[in-house]
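Below: one structure, written as structure tokens.
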Amino acid sequence: MRVNVAIPVYQPDKKLFTALKRLFGQTMKPEKIYLYLTVTEKYGLEELKKDLKNSAELCGKTIVIKTLLPEEFNHGGTRQQAAEQCDADYLLFMTQDAVPKDRQLIKNLVNAFEEEKENGIQLAVAFGRQLANKNAMLCEQFSRIFNYPVWSRVKTAEDLKSGSVKSIFCSDVCAMYDMKIFDKLGGFERNVDFNEDMLYAYKALSNDYAVKYAADALVYHSHNLSFREQFWRNFEIAKSQKQHPEVFKKLKSEGEGLNYVKEGLGYISENGNVFEAIHFVFYCGVRYMGFLCGKFFGK
């Protein structure tokens, strides 16, 4: 099976180059890695080429760089552009701050497709498990545990009947796509800044394909966002959902939010202290306020 990887890049730190080294060190290696670089005054094509050249482990590897202006980038359109360049059976999307935990990431994602095919199930996409980085705040550690449990799960059209947004949860932080199915379904929505992965999952499920969460495909990925950053992130997520009422008006997230708070407080009380519990309450409140504001005021 032939695998390509695509990674949007914006002013990267060392995590990107660690990830690239680990991707080329996989037991099942990618044929190509595409980097979609958003060029800024601080970091452009020459800087990226220099950083790649300075890494002996990356010299001679098949890395294709595509450049974008800031106004040309969005989450859906840029990834769709990458998909149109892909000439492999599978395309793995990752973010620049997602680092494979081991050498089995690509193999385990490909195996997810093969295993389900044996069960008579056609997977459109398989996404991996995110582990918190060592420096992650306690609330971020819990977030990864809550959203990325230790057991795998296959979601089908039946899951849409639950009415929960969890039924279409998928993350392009680390997600592999079957390109034949991807092309057949028309790929990503181009003009979206968030949720392109979930919109695609909804499309796949609605057309009787399946989505798999592969818990054995592991990457390190977490953020220690400030309250301000978390507010605006959730604002943008809700604004993006508002642009697609045909999907998100059918699926509710409130129940998941209440479960998140309840289980999170239990986790914090067992693993942290009163100050971290207070921080978690504010963290949840800021996320919810950002989501509400994006839902009602986002354009």
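When Phe235, Phe296 are checked against the criterion of being touching a residue at least 60 places away in the same chain (Cβ under 8 Å), under 22 Å from Val192 (Cα atoms) and of a type outside the set (Asp, Glu), a single residue qualifies: Phe235.
Answer yes or no: is there a residue in the stretch 233-240 that is open to solvent by 10 Å² or more (accessible area, probe 1.4 Å) and more than 17 Å from the chain's Cα centre (by Cα). Even if it seems obvious, please write down each step before you answer.
From the stretch 233-240, those open to solvent by 10 Å² or more (accessible area, probe 1.4 Å) are 233-237, 239; that's our starting set.
Narrowing the set further to residues that are more than 17 Å from the chain's Cα centre (by Cα) leaves 235, 239.
Yes: the stretch 233-240 contains one or more residues that are open to solvent by 10 Å² or more (accessible area, probe 1.4 Å) and more than 17 Å from the chain's Cα centre (by Cα).
In the set (1) assigned to a helix (DSSP H, G or I); (2) buried (at least 18 other Cβ atoms within 10 Å of the Cβ), the condition left unmet by Lys212 is number (1).
Counting only strands (runs of 3 or more DSSP E) that fall entirely inside the stretch 73-162 and contain at least 2 residues that are among the aromatic types (Phe, Trp, Tyr) and surrounded by 17 or more Cβ atoms within 10 Å (Cβ to Cβ), the qualifying elements are 90-94. If the condition is being small (Gly, Ala, Ser), open to solvent by 40 Å² or more (accessible area, probe 1.4 Å) and either at positive phi or assigned to a loop (DSSP other than H, G, I, E, B) (or both), then the stretch 47-72 contributes only Gly60. Among the conditions (1) under 25 Å from the mean Cα position of the chain (by Cα); (2) without any contact (Cβ under 8 Å) to a residue 60 or more places away in the chain; (3) open to solvent by less than 60 Å² (accessible area, probe 1.4 Å); (4) over 18 Å from Leu225 (Cα atoms), Glu256 misses just one, which is (2).
For Leu109, the conditions (1) in contact (Cβ under 8 Å) with a residue 24 or more places away in the chain; (2) over 17 Å from the mean Cα position of the chain (by Cα) are fulfilled apart from (2). Residue-level check: of (1) out of contact with any strand residue (DSSP E or B) (no Cβ under 9 Å at 6 or more places or on another chain); (2) open to solvent by less than 30 Å² (accessible area, probe 1.4 Å); (3) modelled with pLDDT of 95 or more, Lys180 misses just (2).
Which residues, counting only those in the stretch 262-280, are exposed (fewer than 15 other Cβ atoms within 10 Å of the Cβ) and assigned to a helix (DSSP H, G or I)?
Taking the stretch 262-280 and keeping what is exposed (fewer than 15 other Cβ atoms within 10 Å of the Cβ), we get 262-263, 266, 269-271, 273-275, 278.
Listed by number, the residues that qualify are Lys262, Glu263, Gly266, Ser269, Glu270, Asn271, Val274, Phe275, Ile278.
Among residues of the stretch 162-181 that are more than 24 Å from Glu246 (Cβ to Cβ), those with a Cβ under 6 angstrom from a residue that is part of a loop (DSSP other than H, G, I, E, B) and open to solvent by less than 20 Å² (accessible area, probe 1.4 Å), sequence gap 6+ or separate chain, pair up as Val173/Ala98; Val173/His221; Cys174/Ala98.
Take Arg2 and tell me if it is touching a residue at least 24 places away in the same chain (Cβ under 8 Å), open to solvent by 20 Å² or more (accessible area, probe 1.4 Å) and within 23 Å of Lys180 (Cβ to Cβ). Outline the logic, then answer.
Details: touching a residue at least 24 places away in the same chain (Cβ under 8 Å): yes; open to solvent by 20 Å² or more (accessible area, probe 1.4 Å): yes; within 23 Å of Lys180 (Cβ to Cβ): yes.
Against the criterion (touching a residue at least 24 places away in the same chain (Cβ under 8 Å), open to solvent by 20 Å² or more (accessible area, probe 1.4 Å) and within 23 Å of Lys180 (Cβ to Cβ)), Arg2 qualifies.
The values are calculated or read from the model by the stated rules, or taken from the named source; none is laboratory data. These numbers come from a predicted model, not from an experiment. Glycine also receives a Cβ, built like all others from the backbone with ideal geometry; neighbour counts cover every protein chain displayed. We work out accessible area using only protein heavy atoms, side chains counted, and drop any ligands, DNA or RNA first. Shrake-Rupley method; radii C 1.70, N 1.55, O 1.52, S 1.80 Å.
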